[in-house]
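The numbers here are math on the coordinates, done by the rules we state, and not lab data. As the structure is a computational prediction, the values presented were derived from the model and not from experiment. Note: ideal-geometry Cβ built from the backbone for every residue, glycine included; neighbour counts use all protein chains shown.
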Amino acid sequence: MSHKLQVGEMRVSFLTDKEIWGHFNFIFSSKSRNSTTYKFVLIKSLLENLYNVNDKLELNYLNLFGSFARIYWNLVVHHNLNQINMVGKRSEVQKILLQIQEKNQIPNTLVFDRLSDELQLQIINRVKRACKLNVMGAIYGDTGSTIYDFDNKKEFIRFNPAFYSFMQRFQRVLNYLTNYQLALFLEKFNEFGDTTNLLTKVENVSKRSSLDSFYQILCSFYDGKCFYCGKCIKKKESSHVDHFIPWSFVQADQLWNLVISCSACNLSKSDKLANENFLYLLIDRNEMLMKDQAFFLREDMKVYSNKKIEELYSYSIDNGITDFWVPKIVGD
């Protein structure tokens, strides 16, 4: 009954890659009890938050279940997909979200990040309470109590260093596998949609519909110029908030990984990795941000370090993002 545990401690700290692959293979196999989509969404949430950990590899529940709630909302409300393997039944988190939707008269068209901050926090807290009982111990049990420590009272997990390194190195593959297994599950227990269509939906449930809030923050630091080519951007419509490390890999919106780019650079760069010279320009920019207390106190900046983004850059290359990009024109 590991899924009912309130506290879990790692039994071993070192595992080989082969052993860790074995644990993930078990989670994705029929041997693991997957009566809901909880495990798949938790893995997606863990992958999204690999770079939200502190120096001790600890991750707080607010970040973890912020991702979980957003993914679940977009699956349940926005895409109207059942999350349990029983006809006429709903998972506990599914019921919570549908109750909130009905109470607040929210249309299905509204994705999670379009909800008010107050409502988002309410949803995250209710989802967090439900998941403490049904989710945190499940993957812990499936990995033989090795993937992380967790404490539901203190509301944090601590990654096993071996698992953490493994998930960094194989992040893209694990995302693909998790998305595919989630789409297969949804296909079996929903009356409409095939794996291909469902996979497209699953791959995009974490994506924000707008990065406008980040644009407002970054405005004062880009001095009206494109981060990449240095060209002056005269109109807001020509400005884009770009993920320096492509979103397809990191799948998270962190201030330290976002820059302002012109339309031409944004379209040209697309899913590529900017030349390493720009990595050090970004590090310099982030050091400027860290000197401002308003930015230093942001949750995403509290866990930032130059080493972290250098590792992320390196791991994105290890994960197959090897198309390096430079802008066509460099400003004066």
How many angstrom lie between the Cα centre of region 136-156 and the Cα centre of region 291-332? 30 Å
Could you tell me the relative contact order of region 1-130? Use alpha-carbon pairs under 8 Å, at least six residues apart, and round to a whole percent. 23 percent
Residue separation between Y176 and W325 times 0.36 nm, minus their alpha-carbon distance, gives in nm 51.2 nm
For the chain, averaging the sequence separation of alpha carbon pairs under 8 Å that lie six or more residues apart and dividing by its residue count, the contact order in percent is 21 percent
What are the lysines whose alpha-carbon lies under 25 Å from the alpha-carbon of K31, with same-chain residues fewer than 8 places away excluded? K4, K18, K39, K44, K89, K132, K188
Please find, in a Gaussian network model of the chain (springs between Cα atoms separated by less than 10 Å), the residue of D284, D151, D242 whose mean-square fluctuation is greatest. D284
With Cα atoms, 0 to 90° folded angle of helix 38-48 axis to the chain main axis: 20 degrees
In nm, to one decimal, how far is the S248 label point from the C219 one, both placed 7 Å along Cα→Cβ? 3.2 nm
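Neighbour counts of other C-beta atoms within 10 Å: give me M136, M10 arranged from fewest to most. Display every interim value, and only then the final one.
On the way: M136 29, M10 20.
Listed from fewest to most nearby Cβ atoms, that is M10, M136.
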Distance in nm between label sites at N85 and S263, each 7 Å beyond Cα in the beta-carbon direction? 5.0 nm
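Give me the number: length gained by fully extending M288 to E276, i.e. 0.36 nm times residue separation minus the C-alpha to C-alpha distance, one decimal in nm. Working shown, then result.
Values: separation 12, 0.36 × 12 = 4.32 nm, distance 1.92 nm.
Working it through step by step, the gained length comes to 2.4 nm.
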Label model pair N204, K154: point-to-point distance (7 angstrom along the Cα→beta-carbon line) in nm is 4.1 nm
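Which order do the peptides 247-258, 11-22 take when ranked by the mean count of other beta-carbon atoms within 10 Å per residue, highest first? Walk me through the numbers before you get to the answer.
Details: 247-258: 20.1, 11-22: 12.6.
Going by the mean number of other Cβ atoms within 10 Å, highest first, we get 247-258, 11-22.
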Taking amide H atoms as placed 1.01 Å from N in the peptide plane, list the residues 5 or more away in sequence, or in a different chain, whose amide H sits under 5 Å from that of A274. W325
Just to confirm my numbers, what's the Cα centroid distance between region 159-200 and region 205-230 in Å? 29 Å
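Could you tell me whether region 207-332 comes out rounded, prolate or oblate from its Cα gyration tensor? Rule is a ≥ b ≥ c as square roots of the eigenvalues, rounded for a/c under 1.5, then prolate if a/b exceeds b/c, otherwise oblate.
Values: a/c = 1.41, a/b = 1.03, b/c = 1.37.
Since a/c stays below 1.5, the shape of region 207-332 is classed as rounded.
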Computed over the Cα atoms of region 2-204, what is the convex hull's projected area averaged over all directions, in nm²? 11.0 nm²
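So how much slack lies between F296 and N54, counting 0.36 nm per residue of separation and subtracting their Cα-Cα distance, in nm?
Computed gain between F296 and N54 is 85.7 nm.
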Listed residues F192, F163, F150, most fluctuating in the chain (Gaussian network, C-alpha, under 10 Å): F192
Work out the FRET efficiency for L133 and N25 from their Cβ-Cβ distance, taking R0 = 41 Å, and round it to the nearest 0.05. 0.95
